[in-house]
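Working notes, beginning with the structure itself.
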Amino acid sequence: MRGGNRSVPLTNRQRDVLTFICGYRESHGVSPTLKEISAHFGFASPAGAQKHVLALEEKGVLTRNKGRHRGLIPRPRAVHDPSRSSTVPLLGLVAAGQPIESLPDVVEIPIPEDMTGPGEHFALRVRGDSMIDDGILDGDIVVVQARPEAHEGEVVVALIDGEVTLKRFYRASGDLVRLQPANAAMQPLMVPSSDVAIQGVVVGLLRRYP
């Protein structure tokens, strides 16, 4: 692999690609191809996936066996390195399905230092399966950068009528917001923008393997 600089934070899209690779390996026992990564994220060609894979290699969180068709290998430090960690509050539950109320109890959990950037961050445990196609599974912990606005396509923690949900954020026609699940069996939520309060944007994912 390339030299790499693991202290450089990942972009949201790079984290999404890395999370997808990790989830695919867990589900299928092999890594996805560049073509499969491109298809999942809707890139115009495998060159889009190649760009993100090269960036992940440069940042030291992914290596590649160039002699193999499915040779992408996440490096262990991409998941957790105790020697370079910080803590964020775990605030409770967030639904990746129908909205559910977050829990009031707060504990501090360690996360990799390079998973956070500027500003405040917090963590929520996922319940439900509406984000499984993005590699976010029931029981995972998402790390969230607290901010009140989101860009198109970002995975957000949104507050609707006092309840919290996890979805991809898009602006729709008129004054509507589309909160899109990553599960083909589920329908998006179409909500007036005045009824949606963005609590933050997902920047990382933690998972405990058996």
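Odds and ends about this structure:
- Percent of Cα pairs in the range 12-78 per distance bin of 5 Å, from zero to the largest separation: 4, 19, 33, 30, 13, 1, 0.
- For the range 82-206, the spread of Cα coordinates along the three principal axes comes to 48, 28, 25 Å, biggest extent given first.
- If R0 is 30 Å, the Cβ-Cβ spacing of S45 and H151 corresponds to a FRET efficiency of close to 0.85.
- Extension gain, R68 to S173, is 33.3 nm, computed as 0.36 nm per intervening residue step minus the present C-alpha separation.
- For D138, net neighbour charge (Lys/Arg +1, Asp/Glu -1) across residues whose Cβ lies under 11 Å away: +1
- Per-residue Karplus couplings for the range 64-75, computed as 6.51 cos²θ - 1.76 cosθ + 1.60 with θ equal to phi - 60°, are listed in order as 9, 8, 5, x, 10, 5, 10, x, 7, 10, x, 7 Hz, Gly and Pro entered as x.
Each reported figure results from applying straightforward, stated rules to the coordinates on display, with no laboratory input. Just so it is clear, the structure is predicted and the values come from calculations on it, not from any experiment. Note that we place each Cβ from the backbone using ideal geometry, even for glycine, and neighbour counts take in every protein chain shown.
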